[in-house]
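Here's the structure, in structure tokens; my notes come after.
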Amino acid sequence: MFESINDVTQFFIERQKFGIKPGLDRVEFLLEQVDHPEQKINGIHVAGTNGKGSTIQIVDEVLQAHQYRVGVFT
């Protein structure tokens, strides 16, 4: 779909007429209003199509080997 950063820039410019406002300003404002809960926990978010289970298993074992408490939610 995109072949260059200019294509991406043009994509967002063209959508501004529909009221789309690219950027993180609104999310940052919301996080400020709720006192940044994302900064109060230590966590690792593993996402993707394949390999999450094995990746989580490896991370879990490495962290436990270094005396970290680990919990996994899938």
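The values are calculated or read from the model by the stated rules, or taken from the named source; none is laboratory data. Computed from a predicted structure; not experimentally measured. Positions of Cβ are backbone-derived with ideal geometry, glycine not excepted, and every protein chain shown enters the neighbour counts. Calculation scope for accessible area: heavy atoms of the full protein, side chains included, ligands and nucleic acids excluded. Shrake-Rupley method; radii C 1.70, N 1.55, O 1.52, S 1.80 Å.
Report whether or not Gly43 is among the small types (Gly, Ala, Ser), surrounded by 10 or more Cβ atoms within 10 Å (Cβ to Cβ) and out of contact with any Lys or Arg (no Cβ under 6 Å at 6 or more places or on another chain). When the stated conditions are applied, Gly43 does not pass them. Once the stretch 13-27 is narrowed to residues that are open to solvent by less than 100 Å² (accessible area, probe 1.4 Å) and not small (Gly, Ala, Ser), the residue that is nearest to Arg69 (Cα to Cα) is Val27. Taking the numbered list (1) among the aliphatic types (A, V, I, L, M); (2) touching an Asp or Glu at 6+ places or on another chain (Cβ under 7 Å); (3) not in a helix (DSSP H, G or I) in turn, Ile20 passes all entries but (2). Taking Phe73 as the residue in question, decide whether it is loosely packed, with under 10 Cβ neighbours inside 10 Å and free of Cβ contacts under 8 Å to residues at least 40 places away in the same chain. Here the answer is yes, as Phe73 does meet what is asked.
Within the bounds of the stretch 5-12, is there any residue that is free of Cβ contacts under 8 Å to residues at least 12 places away in the same chain and either open to solvent by 100 Å² or more (accessible area, probe 1.4 Å) or under 21 Å from Val70 (Cα atoms) (or both)? Checked the stretch 5-12: at least one residue is free of Cβ contacts under 8 Å to residues at least 12 places away in the same chain and either open to solvent by 100 Å² or more (accessible area, probe 1.4 Å) or under 21 Å from Val70 (Cα atoms) (or both).
Which one of the conditions (1) farther than 30 Å from Val70 by Cβ; (2) among the aliphatic types (A, V, I, L, M); (3) surrounded by 10 or more Cβ atoms within 10 Å (Cβ to Cβ) does Met1 fail to meet, given that it meets all the rest? Here Met1 meets the rest and fails (3). Taking the numbered list (1) β-branched (Val, Ile, Thr); (2) part of a helix (DSSP H, G or I); (3) surrounded by 10 or more Cβ atoms within 10 Å (Cβ to Cβ); (4) under 18 Å from the mean Cα position of the chain (by Cα) in turn, Val62 passes all entries but (4). In the stretch 25-39, the residues that are without any contact (Cβ under 8 Å) to a residue 40 or more places away in the chain reach residues that are exposed (fewer than 10 other Cβ atoms within 10 Å of the Cβ) and in a helix (DSSP H, G or I) with C-beta atoms within less than 9 angstrom, at least six apart or across chains, in these pairs: Leu31/Pro37; Leu31/Glu38; Leu31/Gln39.
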